[in-house]
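Following: one structure in structure tokens, then a few remarks.
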Amino acid sequence: MSDLIQEMITRRSVRKYKPDMIPKETIDKIIEAGLYAPSGMGRQPVIILAVTNKEVRDRLSKLNAGIMGADGTDPFYGAPVVLVVLADKKVPTYLYDGSLVMANLMLAAHDQGIGSCWIHRAKEEFEQKEGKELLKSLGIEGEYEGIGHCILGYADEPAKEAAPRKEKRVYYVE
Ligand SMILES: Cc1cc2nc3c(=O)[nH]c(=O)nc-3n(C[C@H](O)[C@H](O)[C@H](O)COP(=O)(O)O)c2cc1C
């Protein structure tokens, strides 16, 4: 089995993190893998906010918890890095393109020995005033929809086993 397939099979969502920051070179490597995801007609409509600032990370966590109806919890499970993936809604394939970036980020993180998890509700987060203001403060204009957060950090829990794969999901037409 190639290393890549092994990485794909062994990646698991991590839901407990050490507070230690990841080196910037490692974060940048993971981001680069995300940026090389395919996109419909090669339009590259996806952007990434690489949040390592604790204050901003905590604000996003609070917003996310509010949307989930779980105030006071940290939906980012203590992860120190949050890569927010957003995509330009004007591009017809934006949702697919954004999801592929998310997948590349999570796989690249695993390859680098970094734990990750897709955290949802980015759409609702960036529909709110606070999310919109964050984009504006970064000079981001246009119709960007939040696709997901790829949280990153060093796992503070043992590696998990994958759930068994459901049966009857492949139909061979030979
Ligand atoms: C679209 C999507 C949204 C997800 N949202 C969350 C989330 O908000 N919180 C969370 O803990 N996990 C979230 N996950 C992670 C899934 O729960 C996880 O991928 C699934 O349970 C399979 O586990 P594995 O990633 O370890 O294989 C999300 C995954 C996807 C693909």
Which of these, Ile22, Ile47, Ile119, has the largest mean-square fluctuation under a Gaussian network model of the chain (Cα springs below 10 Å)? Ile22
Suppose the Debye formula is applied to equal point scatterers at every Cα of the chain; what is log10 I(q)/I(0) at q = 0.08, 0.13 Å⁻¹? -0.25, -0.67
Round to a whole angstrom and tell me the spacing of the C-alpha centers of segment 133-174 and segment 1-76. 8
What list of ³J(HN,Hα) values in whole Hz, one per residue of segment 39-50 in order, does the Karplus curve 6.51 cos²θ - 1.76 cosθ + 1.60 (θ = phi - 60°) give from phi, with Gly and Pro shown as x? 8, x, 6, x, 7, 6, x, 9, 10, 10, 9, 9
Work from the charge dipole of segment 24-174 (Cβ charges, +1 for Lys and Arg, -1 for Asp and Glu, about the Cα centre) and give the residue of Gly69, Tyr172, Ala50 farthest towards its positive end. Tyr172
Provide the per-residue ³J(HN,Hα) series for segment 165-174, in order, calculated from phi with Karplus coefficients 6.51, -1.76, 1.60 and θ = phi - 60°, each as a whole number of Hz, with x at glycine and proline positions. 6, 4, 7, 6, 10, 10, 10, 7, 10, 10
Magnitude of the charge dipole, the chain, Cβ model with Lys/Arg +1 and Asp/Glu -1, debye to 20: 320
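DSSP loop GluC sites (Glu not before Pro) in segment 96-136 with at most 14 other Cβ atoms within 10 Å of their Cβ, which ones?
On the way: sites: Glu124, Glu125, Glu127, Glu130, Glu133; in loops: Glu127.
Those that pass, being in a loop and sparsely packed, are Glu127.
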Rh_Kirkwood(segment 107-174) over Cα pairs, Å, one decimal, evaluates to 15.6
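Just so you know, all these numbers are worked out from the coordinates, no wet-lab data involved. If you're wondering where the values come from, they're calculated on a predicted model, not measured in any experiment. All Cβ positions, glycine included, derive from the backbone under ideal geometry; neighbour counts span all protein chains shown.
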